[in-house]
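Below is one structure, written out as structure tokens; the observations come after it.
Read-outs: derived from the displayed coordinates by stated rules, not from any lab. These figures come from a predicted structure and were not determined experimentally. With ideal geometry, Cβ positions are generated from the backbone for all residues, glycine too; neighbour counts draw on all protein chains shown.
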Amino acid sequence: MKIAVIGTGYVGLVTGTCFAESGNDVICMDVDEAKISALQGGGIPIYEPGLSEMVSINQAQGRLRFTSDIEQAVKESLLIFLAVGTPPASDGSTNLGYVEEAAAAIGSFMDGYRIIVNKSTVPVGTAIRLVEILSQSTPHPFDVVSNPEFLKEGNAIEDFMKPDRVVVGTDSPEVAKLFQNLYAPFTRTGASILIMDSGSAELTKYAANAMLATRISFMNEIANLCELVDADVNEVRKGIGLDKRIGKAFLFPGLGYGGSCFPKDILALLHMGQEAEYPMRLLKAVDLVNRNQPLRFIDGIVRRLGRDLSGVRLGLWGLAFKPQTDDIREAPSRVLIRELTKLGARLRAYDPVAIQAAQSVVQEPVEYATDPYHAIEGADALILATEWNQFRRPDFQRMLQVMKRPVIFDGRNQYSREEMNNLGFDYHSVGRAPVKQED
């Protein structure tokens, strides 16, 4: 099929590349000419395992092209996917400016029937709004489809190529059949293609993310209680995760969720509820717990090291909001950096891939290390904020040698309390009472 993808951010680039990988003729368009130039030259603007190699192969074989010319993208394609940004407005609502601008531009260049597909996360009613915009922009026939993405950063290619389900919002039987053919290469193992109305498809994406965010905040609440009643959240997590009605996924306590999806999608749902005059009480609590979680973790650091951290050196392992990505949007590390520097702490941070992203947005005076051990040289404590695999089994003896004090604040519960105690570390984690050590 002839496919255009408008927007070469995270969703757009993965979507276009995976469609090309399945044999489609794909052209990815972006208004950022510098980004397009870089992509044409083999540069990838995001970190996603396996993506660079797949882009290169499909470019070389002529199935994947990049352009900054939207007219070219529209006129050469039947299916036009919108994968532009939908940032939150100041009141928590979704800013649809980029989506609406793209739809109007598509309409102005259409020279025949097109199918406009919304991949961006948008509130209920957006498909109807796009129909209005396109009707004013073109005399040609068209269909508008809602086809939300369910991609996890760090595992996006696997998620696209082997989806749990594909959601398609359309009232047209012909369009539904076309999408069943489009996604057939990805659903051969039995994944469902769910055809529904556009409003239900739009809300499905929000509801899915809200459920996952709720599980994270719930486990953080349980972890916080565990610390106060002398229980071990790791044991509790195992105990409830073996219940088939609950399952094991998203039951890990920590510093809270971050990234580009969960925080803004929760705010968007809260705003939708407000507009519908239905207060989303549970999601308000989910958001409150998540905002408080890194602050509560900082309280634990302050209790151990004191509120005046002037001159205190802290090593920070992890900047990205999760492993296998360089995304630091709404990352808990940014809250830690902001609040700890306010208290006078000196931070030296290391992340395998997110240092450059952090340097472009973090305003606080953070020093960036060349490796994990450089980050903790002379440190009064280590803070583990992202559970990268390389942090799971570090050289603990080397850590004891280079750190000023053997104190660890583990925001991801990576290590055994007993092992850390036996090694001589003063170890603090989430939802587990620390085993105290003398300095």
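Taking 29 Å as the straight-line reach from the Cα of residue 244, the lysines in range (excluding those fewer than 8 positions away in the same chain) are 152, 162, 205, 284, 322. Straight-line cross-link partners of residue 35 among the aspartates and glutamates, defined as a Cα under 19 Å from its Cα and at least 8 positions apart when in the same chain: 48, 53, 69, 71, 326, 327. Spin-label model, residue 187 to residue 433: label points 7 Å out along the Cα-to-beta-carbon direction sit 5.3 nm apart.
What fraction of the DSSP beta bridges in the chain is antiparallel, stated in percent and rounded to the nearest 5?
On the way: 3 of 47 bridges.
Antiparallel: roughly 5 percent of the beta bridges in the chain.
Look at where the Cα atoms of region 22-69 and of region 230-275 average out, and the two centres are 34 Å apart.
Net charge of the neighbourhood of residue 103, taken over other residues with C-beta under 10 Å away and scored Lys/Arg +1, Asp/Glu -1, is -2. Annotation for residue 140 and residue 353: the two label points, set 7 Å from Cα along the Cα-Cβ direction, are 3.7 nm apart.
Can you say what percent of the DSSP beta bridges in region 2-196, counting only those with both residues inside, are antiparallel? Round to 5.
Numbers: 2 of 29 bridges.
Antiparallel bridges make up about 5 percent of those DSSP assigns within region 2-196.
When the chain is treated as a Gaussian network with alpha carbon springs shorter than 10 Å, the biggest mean-square fluctuation among 135, 200, 429 belongs to 135.
Count the net charge of all other residues whose Cβ sits under 11 Å from the Cβ of residue 364, scoring Lys and Arg as +1 and Asp and Glu as -1.
Details: positive: 334, 338, 342, 346; negative: 339, 367.
Result for the neighbourhood of residue 364: +2.
Build a GNM of the chain with springs between Cα atoms under 10 Å apart, and of 189, 126, 386 the one that fluctuates most is 189.
The stretch between residue 158 and residue 292, if pulled fully straight at 0.36 nm per residue, gains 45.0 nm over its current Cα-Cα span. Summing charges over neighbours of residue 344, with a neighbour being any other residue whose Cβ is under 14 Å away from its Cβ, gives +1 when K and R count +1 and D and E count -1. Projecting label points 7 angstrom from Cα along Cα→Cβ for residue 377 and residue 274 puts them 4.9 nm apart.
Using only the C-alpha atoms, the convex hull of region 2-196 corresponds to 117 Å³ per residue. Between residue 307 and residue 367, the FRET efficiency from the beta-carbon distance, with R0 = 25 Å, is close to 0.65.
Where in the chain are the helices, taken as whole DSSP H runs, whose Cα atoms extend 27 angstrom or more along the long axis and whose Kyte-Doolittle mean reaches at least 0.0? The partial results should precede the final answer.
Details: long enough: 198-229 (47 Å, 0.42); 281-305 (36 Å, -0.03).
Once both thresholds are applied, what remains is 198-229.
List residues of region 247-290, by number, whose backbone nitrogen lies under 19 Å from a label position 7 Å along Cα→C-beta of residue 91. Within reach of a label on residue 91: 264-281, 284.
Largest GNM mean-square fluctuation among 229, 289, 145, using the chain with Cα springs under 10 Å: 229.
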